[in-house]
Amino acid sequence: MFQPELEAMPRDALEALQLARLRMALARVYANVPLYRRKFDEAGFRPEQVENLDDLKRVPFTVKDDLRSAYPYGMFAVPLRDIVRIHSSSGTTGQISVVGYTKGDLERWSELMARTFACAGAGADDVIQVTYGYGLFTGGLGAHYGSERLGALTIPVSGGNTARQVQILKDFGVTVLACTPSYALLIAETAAEMGIDVRQLPLKVGVFGAEPWSEGMRDQIEKAMGIHAIDIYGLSEVMGPGVASECLHGGGLHVFEDHFLIEVIDPETLEPVPDGELGEVVFTTLTKEGIPVIRYRTRDISRIVPGECACGRTFRKMQRVTGRTDDMLIIRGVNVYPSQIEQVLMGIPGVAPHYQIVLRKRGSMDSVEVHVEVSPDIEFDEIRGLEALQKKVEDAIAGSLAVSVGVKLVEPRSIQRSEGKAKRVLDLRAEGE
Amino acid sequence: MIEQLSVFLENEQGRLAKMCRVLGDGGFNMHALVVADTSEYGVARVICDRPHAARRALEASGFAVSVTKVIAVEIRDRPGGLAEVLELLGAAGVNVEYLYCYVRPDAAEAVDIFRVEDPAAAQGALEAAGISLVRATRIYELDAG
């Protein structure tokens, strides 16, 4: 642990710290950020009304559009002279939003990224290759300063030129690779083409994030590189990487709760869901000075993983982010995320994790059918076996999603593949039947 | 043992034709074909030449194919011929999953293809009654797996 006195704090002490910090953060944004003052006033909320952490529920939410409409500096809570660095969101879904950091913010961010590397088992003896892009994107510089703060030897390669990445990986005795998981796969493939077996190199762990990835991909990377692949989480609006990180025990990502409050809400009702249930992740920054965010709706889908961790950290864990609220379906009143179906399918031999959810209108009811590809290598000579397989998938989905759907087995490779984001939902409800 | 291809087919227009086209273009002559179906999909069971090469050709065209071992028995083409064989298997406790037969008008025997739970027990029971299995080479051209 990089900061055991904080990371392994007793829960009651942690909650007292959170409450004190929350009250300060709310008072600060109310005094300094017009948007928050307006929102709080409209909701009839005053920061001093917060007496315990539960009172957070009374605070209005912040959404992506709030940050965009404040472009570029409208959400800053300190004068520009106190801001020492700017980053921005990638802007792939519209106008970019700008985030500013004070000296103190950068110091804390470096500590949190040092914690992240320590979560992956790294320390001052390690050689860390930072292959996240350097620039306005938070990944490169975030990882860079965290690595230096940890005292590790830091190689600031940034992204691109994959053959050179492989050469550095090999020649510099790199032990930790920090990049996006998809780039890690490309590095592994390129190394193989160059006749270099990454499994024989000193590389022992990968710190991967900045894009959603699956357990299947983790297996693939771990096998190809002979390493532990660690999932990290962050977003520029909240800080950048270093908001949450897996430790070597897996089973979810520890949220650095002394700096960030996490809530999981139902994106329809906006009410918190019980621990363990999926919903939209909402973050409140407790210590950010430049651009604090209050109840920021990330649109990321996750859940709190209940239980203690063997690593000794007392921070609660969130499950790997499995999708976006934009993908959510409401089926007969139940929120369903396509990624939940993928998870169910991963656990059933005989079907491939390729599926499509087909929505149709039958009278006034929505009918839902999940098309699932049979795995090309199963023994399916008998109809009985196929019917049993179909039933098994239906039961598993009903058990996991609490909603029953029809399952149709389809031929391998019959569901359209996509280069980027797979189209998982086919909505024919407008067409009638 | 006979090696039969089982091909998963969605109930969609043209899928069976497509399967036959792939086999035809590859020069795999079919000797028997039967389709078992539900409302949504079916399984085509095919006995054809060079079944392993045929399987690869079908898979390359996107079909899901398994190779299933079945047994073939020649039965005199007369009333009661099949009943006798089934009674024999029943008495030996051999469960028949499914069967289909093909009859050639110019032959005195029909060939019945059986899928059984325990092929070795079936073979033993049949041979004890003086019925021998049809060798694969008599039906189709073999190839290596």
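The values are calculated or read from the model by the stated rules, or taken from the named source; none is laboratory data. Since this is a predicted model, take the numbers as computed values, not measurements. Positions of Cβ are backbone-derived with ideal geometry, glycine not excepted, and every protein chain shown enters the neighbour counts. Surface accessibility is based on the protein's heavy atoms, side chains included, excluding ligands, DNA and RNA. Shrake-Rupley method; radii C 1.70, N 1.55, O 1.52, S 1.80 Å.
Data table
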read-out: Kyte-Doolittle at least -0.5, axis length at least 30 Å by Cα - qualifying DSSP helices, chain A; value: A:11-32
read-out: Å³ per residue enclosed by the Cα convex hull of segment A:192-259; value: 111 Å³
read-out: Candidate aspartates and glutamates - alpha carbon under 14 Å from A:Lys204, same-chain residues fewer than 8 apart omitted; value: A:Asp125, A:Asp126, A:Glu222
read-out: Chain B, dipole about Cα centre (Lys/Arg Cβ +1, Asp/Glu Cβ -1), debye to the nearest 20; value: 340 debye
read-out: Accessible area buried, both sides summed, chains A and B with 1.4 Å probe, Å²; value: 1900 Å²
read-out: Occluded residues from segment B:34-49, i.e. those whose accessible area drops by 20 Å² or more once the chain is not alone (1.4 Å probe); value: B:Thr38, B:Glu40, B:Tyr41, B:Val43, B:Arg45
read-out: Segment A:290-357, relative contact order [Cα under 8 Å, separation at least 6], %; value: 21 percent
read-out: Pairwise label distance in nanometres, A:Glu382 with B:Ala144, each label 7 Å out on the Cα-Cβ vector; value: 3.2 nm
read-out: Per DSSP, loop chymotrypsin sites (Phe, Trp or Tyr not before Pro) in segment A:142-211 with at most 16 further Cβ within 10 Å; value: A:Phe172
read-out: Net charge dipole size for segment A:307-401 [Lys, Arg +1 and Asp, Glu -1 on Cβ; Debye, nearest 20]; value: 640 debye
read-out: Accessible area of chain A belonging to carbon and sulfur atoms, whole % at 1.4 Å probe; value: 51 percent
read-out: Förster radius 45 Å - calculated FRET efficiency between A:Lys392 and A:Glu42, Cβ distance, rounded to 0.05; value: 0.30
read-out: Set A:Lys408/B:Lys18; A:Lys223/A:Lys408; A:Lys392/B:Lys69; A:Lys39/A:Lys288 screened for pairs whose C-alpha atoms are more than 24 Å apart; value: A:Lys223/A:Lys408; A:Lys392/B:Lys69
read-out: 18 Å tail of the calculated P(r), chain B, as % of Cα pairs; value: 58 percent
read-out: Debye log10 I(q)/I(0) for segment A:276-411, one point scatterer per Cα, at q = 0.11, 0.15, 0.17 Å⁻¹; value: -0.54, -0.84, -0.98
read-out: Within the protein assembly as shown: Cβ-based charge dipole about Cα centre, in debye rounded to nearest 20 (Lys, Arg +1; Asp, Glu -1); value: 1660 debye
read-out: Residue (of B:Ser39, B:Leu23, B:Asn95) at the positive-pole extreme of segment B:9-107, dipole from beta-carbon charges; value: B:Leu23
read-out: Against the rule of thumb 2.2 N^0.38 Å, how large the Cα Rg of segment A:253-338 comes out; value: 1.13
read-out: Directionally averaged projected area (convex hull, Cα atoms, segment A:354-403), nm²; value: 4.4 nm²
read-out: Listed residues A:Val344, A:Leu359, A:Leu270: farthest to the positive end of the dipole of segment A:222-359 (Cβ charges); value: A:Val344
read-out: 222 nm mean residue ellipticity, helices alone, for the protein assembly as shown (DSSP H n ≥ 4; -39,500 (n - 2.57); rounded to 500); value: -9500 deg cm²/dmol
read-out: Most positive-pole-ward Cα, A:Ile415, A:Gly100, A:Thr322, against dipole of the protein assembly as shown from beta carbon charges; value: A:Gly100
read-out: Debye intensity ratio I(q)/I(0), log10, segment A:63-183, q values 0.10 Å⁻¹ (C-alpha model); value: -0.36
read-out: D (Stokes-Einstein, µm²/s), Kirkwood Cα radius, segment A:230-303, 1.306 mPa s at 10 °C; value: 125 µm²/s
read-out: 15 Å cut-off, amide nitrogen to a point 7 angstrom out along B:Ala107 Cα→Cβ, residues in segment B:38-75; value: B:47-49, B:71-75
read-out: Relative compactness, segment A:118-199, computed as alpha-carbon Rg over 2.2 N^0.38 Å; value: 1.04
read-out: Kirkwood Rh in Å, taken over segment A:121-279 so that all alpha-carbon pairs contribute; value: 16.5 Å
read-out: Cα-based Rg of chain A normalised by 2.2 N^0.38 Å, two decimals; value: 1.04
read-out: B:Glu127-B:Val96 pseudo-label distance in nm [points 7 Å out on the Cα-to-Cβ vector]; value: 2.1 nm
